[in-house]
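Contents: one structure, followed by commentary.
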Amino acid sequence: VTRVAGDVIEAGAITLRSWAAPDAAFVFDACQDRDIQRWTTLPQPYTAMHAAEFVSSHARPQPEAGGAFFAVMATETGELLGSISIKGVRDGDGEIGYWLGPEARGRGAATQALDALATWSFRTFGLAQVHCRIAPGNAASVAVATRAGFVESGRQAGTCRDGDEPADALVFVRRAPAS
Ligand SMILES: CC(C)(COP(=O)(O)OP(=O)(O)OC[C@H]1O[C@@H](n2cnc3c(N)ncnc32)[C@H](O)[C@@H]1OP(=O)(O)O)[C@@H](O)C(=O)NCCC(=O)NCCS
């Protein structure tokens, strides 16, 4: 069960919270990771300036215009684990993207964060569905989306990335529960 207090989304072992300026060092370090650079569309090279701009532009109450941006944090320790956001909110749909720092992987944190943000987004924005675009080779992300209740429902040519090359996107959709 997801508990929401203000713009903090608490979901068991992980909590989603707004970004804050001191998080820039974590974001910079994490985004040097090969898998994040391979599978996401972050700028390359990813500089300290990119990280500082990212956290400062989202260091405010969420949601913001067209979406919401959260740090993923371990509930018990406050350790920063990664990033999750929803963007392009319009026409009853929005796109969720995520990454975890390398040390935070393999403990279900991305699945919990994705499930929590989807649930929060249905309620906050009144969406009919949310989606993720995942390159076919990104098995860890496909597994996360599947475990979070997303279903593969289409393919877009060339809108993802695999390193320096464009890659097709598998579109994973989760529909809002019938109300
Ligand atoms: C995607 C990401 C958030 C997943 O992190 P995570 O929650 O720690 O996920 P895990 O490492 O536990 O992996 C998830 C599942 O995929 C499996 N998996 C991981 N790498 C795999 C691979 N190369 N091939 C097959 N399966 C793989 C794991 O075994 C796990 O399944 P299991 O728990 O049933 O064994 C993380 O890998 C990441 O940040 N990657 C870089 C950024 C990225 O790709 N973001 C998503 C863009 S769409």
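No value in this document is a laboratory result; all are computed from the given coordinates. As the structure is a computational prediction, the values presented were derived from the model and not from experiment. Counting neighbours? That spans all protein chains shown, and the Cβs are built from the backbone with ideal geometry, glycine included.
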Helix-only [θ] at 222 nm, the chain, -39500 (n - 2.57) per DSSP H run of 4+, per residue, nearest 500, equals -8000 deg cm²/dmol
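When a/c is below 1.5 the answer is rounded, else prolate if a/b is larger than b/c, else oblate, so apply that to the range 98-167 with a ≥ b ≥ c taken from the square roots of the Cα gyration tensor eigenvalues. Can you show the working numbers first?
Working: a/c = 2.06, a/b = 1.20, b/c = 1.71.
Taking the square roots of the gyration eigenvalues as a ≥ b ≥ c, the range 98-167 is oblate.
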Summing +1 per Lys or Arg and -1 per Asp or Glu among the other residues with Cβ less than 10 Å from residue 170's Cβ gives 0
Of 149-162, 30-43, 128-141, ordering from highest average Cβ density within 10 Å down gives 128-141, 30-43, 149-162
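Treat every Asp and Glu Cβ in the range 31-179 as -1 and every Lys and Arg Cβ as +1, leave all other atoms uncharged, and give the resulting dipole magnitude about the Cα centre to the nearest 20 debye. Intermediate values should be presented prior to the final figure.
Values: 14 positive and 16 negative charges, 69 e Å.
For the range 31-179, the charge dipole is close to 340 debye.
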The simple spin-label model distance between residue 20 and residue 79, using points 7 Å out along Cα→Cβ, in nm, is 1.9 nm
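Please compute the contact order of the chain in relative form: average sequence separation of alpha-carbon pairs under 8 Å and at least six residues apart, divided by the residue count, as a percent. Walk me through the numbers on the way to the answer.
Values: 344 pairs, mean separation 34.7, N = 179.
Across the chain, relative contact order equals 19 percent.
Add +1 for every Lys or Arg and -1 for every Asp or Glu among the other residues with Cβ under 14 Å from the Cβ of residue 133, and state the total. Show your work: numbers first, answer last.
Numbers: positive: 87, 155, 161, 174; negative: 93, 95, 152, 162, 168.
Spelling it out: positives minus negatives among the neighbours equals -1.
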Checked the chain against the a/c 1.5 cut and the a/b vs b/c comparison, axes a ≥ b ≥ c from its Cα gyration tensor; verdict rounded
By the C-alpha gyration tensor axes a ≥ b ≥ c (rounded if a/c is under 1.5, else prolate when a/b exceeds b/c, else oblate), the shape of the range 1-89 is prolate
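Taking the Cβ of residue 146 as the centre, find all other residues whose Cβ is under 14 Å away and add up their charges (Lys, Arg: +1; Asp, Glu: -1).
Details: positive: 147, 174; negative: 115, 152.
Local net charge: 0.
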Residue 13 and residue 103 label points (each 7 Å along its Cα→Cβ direction) are spaced in nm at 1.7 nm
Rounded to the nearest Å, the spacing of the alpha-carbon centers of the range 41-69 and the range 10-27 is 12 Å
One finds, for residue 48 and residue 175 with R0 = 41 angstrom and r their Cβ-Cβ distance, a FRET efficiency to the nearest 0.05 of 0.55
